[in-house]
1. What are the ³J(HN,Hα) values, in whole Hz, obtained from phi via the Karplus relation 6.51 cos²θ - 1.76 cosθ + 1.60 with θ = phi - 60°, for each residue of region A:255-266 in sequence order, with x given for Gly and Pro?
2. For chain C, find the longest principal axis of its Cα atoms and tell me its angle to the long axis of helix C:207-216, 0 to 90°, nearest 10.
3. Among bridges DSSP assigns within region C:122-241, what percent are antiparallel (round to 5)?
4. What average count of beta carbons from other chains do you get within 10 Å of the Cβ of residues in B:71-77?
5. Please calculate how many Å² of accessible area region A:70-212 carries per residue, with a 1.4 Å probe and no DNA, RNA or ligand atoms counted.
6. Interface size between chain C and chain A, please: total buried accessible area, 1.4 Å probe, rounded to the nearest 100 Å².
7. Just list whichever of C:Lys276/C:Lys315; C:Lys228/C:Lys285; C:Lys105/C:Lys179 have alpha carbons separated by over 30 Å in the model shown.
8. When the accessible area of region B:83-160 is computed with all protein chains present and a 1.4 Å probe, what percentage of it is carbon and sulfur?
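The values are calculated or read from the model by the stated rules, or taken from the named source; none is laboratory data. All values reported here derive from a predicted model rather than from experimental measurement. Using ideal geometry, Cβ is built from the backbone for each residue, glycine included, and neighbour counts are taken over all protein chains shown. Areas reflect the complete protein model, heavy atoms only, side chains present, ligands, DNA and RNA absent. Shrake-Rupley method; radii C 1.70, N 1.55, O 1.52, S 1.80 Å.
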Amino acid sequence: MDAFVALANGMAVAIQPMNMLYALIGVLLGTAVGVLPGIGPALTVALLLPVTYKLDPGGSLIMFAGIYYGGMYGGSTTAILINTPGESASMATALEGNKMAKAGRGGPALATAAIGSFVAGTIATIGLAFLAPWLVDFAVHFGPEDYFALMCVAFVTVSATFGSSPIRGLTSLFIGLTLGLVGIDKLTGQPRLAFGIPELLDGVEVTTLAVGLFAVGEALYVVSRRHHSEEKLEPVRGSLWMTKEDWQRSWKPWLRGTMFGFPIGALPAGGAEIPTFLSYSTEKRLSKHPEEFGKGAIEGVAGPEAANNASAAGTLVPLLTLGLPTSATAAMMLAGFQQYGLNPGPLLFAERPDLVWGLIASLFIANVMLLVLNLPLVGLWVKLLAIPQPWLYAGILVFATTGTIAAKPSVVELSMLAGFGVMGFLMRRFDFPIAPVVVGLILGPIAESQLRRAMSISLGDPMALLQSPMSATLLGIALIALVAPFVMQGLGRFKANED
Amino acid sequence: MSDLPQGAAERRIDSAGVVIALALAGLAAVLVWDASQLQSNNPYGMGPHVMPVVIAVGLGILAIGNLVEALRGNLPARESADAKAVWLILGGLALLIAIIGLGGGFIPATTALFVATATAFGRRAILADLAIGFVMTTLIYVAFSRLLTLSLPAGPLERLF
Amino acid sequence: MIPFHTRLFGAAVALTLAAGSPALSQQLELKLMAPAAPGGGWDQTARAMQQAFVAAGIARSVQVTNVAGAGGSVGIAQFVNGAKGDGNQMMVNGFVMVGALAMNKSPVTLEQVTPIARLTEEIQVIVVPANSPIKTAQDLAAALKADIAKVTFAGGSAGGVDHVMAALFAGAVGADAKKVNYIPFSGGGESLAAILGGKVTAGISGMSEYDGQIKSGKLRAIGVTSEKRLPGSDIPTFKEQGIDLVLANWRAVMAPPGITAEQKKTLSDAVEKMVKSDAWKEVLKQKGWDNAYLSGDAFADFLKKETVRVTDVLKSVGLVKS
C-alpha cells in the first residue's frame, strides 16, 4: 500500500493548476512537433527537453510527460490521416487507420487512438506501480534464446497481415527479410548487401521503407487509376465521434493491446513493434468483422495503439528499477532525470520516491491532458482530408520526403524512398500485401541477432534453444500456430478435391 | 510503366508474373553471391552468411511458387494504368533528388515535387501551385531551422533566412 | 502567473534562437557537423558546444548539422570534401570513428582532417554479476587462459570501444585476442540485462552506464581503465592489478583539411575559450561528462597513436583485413 500512498502524493503535486497548465503546454508542443514528418516521439522529446530546463523539478517533469505523450499522439495522427507513420510502432496504426480516414471515419480512428492510449496508459501505470519489482526479475532472465523464440511467435502471427494469398504474403515477407540484411552485420561488423555504398552500411531505415511503400506508393497507385474512378474523399461520413458500435468494438482491443504491450515493453529488448504486430493479428483473428481488416477496421487501430502506449509505460519498469534505458524514448527520460542530478537505478525508488511517483503521476495527468486537448481537435484534423485531391497528395509527398530529408539528407536515402515508392506501387498493382515487407525488415534482424547471440553463448549448440523453459514454451506455441492452419487448410483442400 | 499489360490480364500465361518470379530468383542469386563474399571471423556460433543463405532458399522456393501461379494465370486482373501521371510524379521525385544533390536547397526541391504531383492529379494552374508549394515548403523550412534548430539542406534561397 | 510565463517563454526563446545574441560576441560564425543522427552522443556534444560557444560570447552564431551514417564514415567524407579550407567549420567525432573508418574501408581517413582538441572522455569498466565466482581482474584473466571460448563478454557494437577493449584485455593477459567470445548488443540496456541475468560472463561498458548497478551491489566492478583510481571510487584499476590496459572513450573536435595556420589558431583559441567557460563546465556537470581537454601537437600525437592501436586490435580480431 506504500506505493498507493506515494502515488496519491504524486497525484496531489501533479494536479496543481500551474502544473496542469504545464502539462497542457507540453501536450500542445509535443503534438505540434510530433506531427512533423520524420520526427518520432524520442526526437520530439530530445528537441523540446531544453524548454523544460528552466522550470522547477515538478513543473519540468510534468511538462516533459506532456511532450512525450503529445509526441506519441502526433505520430499516430500523421499515420492515420496521411499514411506516413513517423516510427515503426505506428505502422499497424497506419494500416487500418488510414483506410478508416479515407472512408470518412478519421474521427473515430483518431478518437479510439487517443482513448485507447489513455486506457492503456492508465492500466500500465497501475501495473508499473504494483508489478514492477516482480516483472523486472522476470525480464532480466529473458535471454537471447527466449527473445528468438518470442520472435518466432511474432513471425508466425504476422500471417494475419498477409492478405488473400499465402504465396504473395510470404513473398512480401521475404523481400522485407532481404532488406533487413542490408548493412553492417551487427555481430561481426561486416557489410552485407551494401555494394560499397557507405549510406547503405547503416541498413534500410524502417521509416524510409514504410513511408515509401505506404505514402509514395499509395500516391502513385491512386494517380494511376484516376481515370477509372475519381477517388472521392469525404472527411466525415457518418458520425465524427465514436458510435456505440465503435466503443463496443474498441474496448476489448484496448485491454488486449495493453496485455501485449506492457509486459513485452518491460523486457529490455522487447520494444514496441512486436506487441503492436501481435495485437494487430490477434484482433484480426478475434474480430467479428475480419472482412473489414485491410479496409479500415477500428479494432486494428484500437489494439495496436493501446499496445504501443502500454509498451512505452512498460519500458519504465527497467528504467526505474534498474536504470536500464531500453528504448530511445526511455533514454530521453533518463536525460530528463539527469537534469536533477539523479541517475535512475536500483536506488532511485529508495532514495527519491517523491520524484519517481511524481513522474508516474505526471504521466497519468499528461495522458488526461492529451484527451482534453486532442478530442476537441479531432474535427479540425479530419478537415485536412477535405483538401482537394491534387493538393492533398502533393502535400503528402512533400511531407513524406521532408521526413527523409530531415533524418538523412542524402541522395542515396531519397533514391531509396523513391524506389520503395515504385515498389509499393507495383506491389499494389499486382496485389502483393505491403505490411509484411515492413514486418520482415523489423523482425528479421532482431531474430537473427538474438539467435546468433544465443549460439555464441552456447558455443554453437542448438539445444540451448530448448533448454530454457521459456524459449521451449514459446517455440512450442509458434509451432502449433504454424502447423494448425495448414492442417486445417489441407483437410479442407482434401475434401474439396474429393467433391 | 509501358511494359505493364493493358486491359484485363491474359488468361493463360501472365508475363508480368513470370518477370516477378525471375526477379525473385535473381534476388536469391545476389544474396548467395553476397554471402559468399563474407568471411566468418566469429569463431563461435553462426556466421554472418547463414541467414542470407536461408533467406535465399526461401526466395528461390517463392520464385517457383510465383512462376507456377503466373503460368496458371492465377494473378488478379489489373486495370489499365495512367502511365503519364505516374511518370510525372516520378519525374517530380527525380527533380527533387537532383536539386538536393546539386545543392539547390530544400525549398526549390520540395516545391518542384509539389507542382509535379498536383499536375499529375489533374491540376493545370502551374503558377498558382508554384506559389502554394513555395509558401508551404518555406513555412516547413523555417519551422525546422528556426524553431527546432534542425537544418534542412540549404541552397541559395534558404541562406536568405 | 506572469513570472511563470516569462520563464517558460524565456526557455523557449533560448532554445529556438540559440543563434544570434549580439551582445558580447565576436565575428565568428561557426558550422559544427555531428556525423551522426540527432540525439546521439556526438550530436549531444555538438549541441552542447553550440550552447557554450554562444552563451560565452565566443561565437556570434553556431549552426549544427547532422550527417548520419556508418559510424561517421559518411559524415567525415562529406566534411573532408565539402569543407576543405573553410576556417569556420568543425566536426565532432570520437573513439568509435577510428574503428568505423577502418572497418568500413573508408577512402577518407582521420589523417586528412586537422585535429583541434579532445574535449571529453569516459573511463571504461569490466563488470561481473554479484554472484559470479570471478572477484578480480586476475580471476577473469585465469578464466580466459583456461578456456577462452567459455568466457563471454557483453558490450556495444562490433568494432566499438567495448569490443576493442575486450580484445586488448585478452591480449594484455596473454590470451589469444583472436578467440575472444565477444557478443555485441545494441544499447547498454540490453547488454546490462544479459549480465544481470547471468547469460554472459562479464560486461564491458562506459562507467556511467553501470554506475547505479555497481553502487547498489548488483554488479561487481573488477577493474577500470584509468591510470589511477577514479576520485571517490574504490574500484581498482587494471594497471594496479598488473594488467596493462589503459583506455578511454573520448570525443573530440576536428577542423577541415587545407586550412591556414592562422585559421587553425583562431579555431583552437575559440575551442580553448569555450572549454574554459562556465557554460561548458555547467554542461559537463549536467551531462556527467569528464573534461579531457587536450589540444595542439599533444592531441595530434594522441590521435595518431590511438589510430594505430585501434587498427591493430581490429586486425587481430579479424574485423579489419590486413
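1. After applying 6.51 cos²θ - 1.76 cosθ + 1.60, I find 5, 5, x, 4, 5, 6, x, 5, x, 5, x, 6 Hz.
2. Here the helix axis deviates by roughly 60 degrees.
3. Details: 9 of 16 bridges.
In region C:122-241, DSSP labels about 55 percent of beta bridges as antiparallel.
4. 2
5. Values: 3480 Å² over 143 residues.
Per-residue accessible area for region A:70-212 comes out at 24 Å².
6. Working: alone 15290 and 21420 Å², together 33040 Å².
In total, this chain pair buries about 3700 Å².
7. Values: C:Lys276/C:Lys315 38 Å; C:Lys228/C:Lys285 21 Å; C:Lys105/C:Lys179 23 Å.
Long pairs (Cα-Cα over 30 Å): C:Lys276/C:Lys315.
8. Here carbon and sulfur together make up 76 percent of the probe-accessible area.
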